[in-house]
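Before any comments, here is the structure.
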C-alpha cells in the first residue's frame with residue numbers, strides 16, 4: 001500500500017490531535033471529600049490516597065493526596081519534576097531531602113519543593129508519619 005503526500009496531509013493532523021488527547025480533568029468546585037469514602041492503596045509501611053486532581057476556573061491543575069509512612073520508610077528515591085509541591089505534615093515527623101540537604105520537621109510543619117529540584121522524604125521516627133501533598137501542576141496533568 002502506498003500513501004501519497006496528499007493522504008499524509010489529511011492523516012497527520014488527526015494523528016497529532018489523537019496523540020495529545022488525555023483524560024479530561026474536572027473543574028474544581030465547592031465539594032466535600034469525606035475521609036471514609038476515599039480508599040487507601042498500599043500497606044502499613046506505605047499507603048496513600050488521592051483526594052482529587054482538578055483544574056481551577058483558569059485551567060491551572062492541582063492535585064491533593066495523603067500519604068502515611070511507617071517508621072524508617074522512604075516515600076521514594078530522590079526525584080524531580082516540573083511542578084512544585086507543598087507538603088503539610090500532620091502526624092509524626094519527616095526527614096526531607098531537598099537538593100541533598102536533609103532537614104527533619106515535626107507534625108504541624110510545611111515543606112515546599114521547587115520546580116526541578118531533587119527531593120524526597122522518609123520517616124525518621126518510631127510512629128507513622130502522615131502528610132498531605134498539594135501538587136501545583138499548572139498545565140501538565
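Throughout, read-outs are computed from the coordinates displayed, never taken from laboratory work. Being a predicted model, the structure only gives us computed values, none of them experimental. Ideal geometry is used to build each Cβ from the backbone, glycine not excepted, and the neighbour counts take in all protein chains shown.
Structural remarks
- Point-to-point label distance, residue 109-residue 90, nm (Cα→Cβ direction, 7 Å offset): 1.9 nm
- Amide N proximity, region 24-60 versus residue 136 label position 7 Å along Cα-to-Cβ, cut-off under 13 Å: 60
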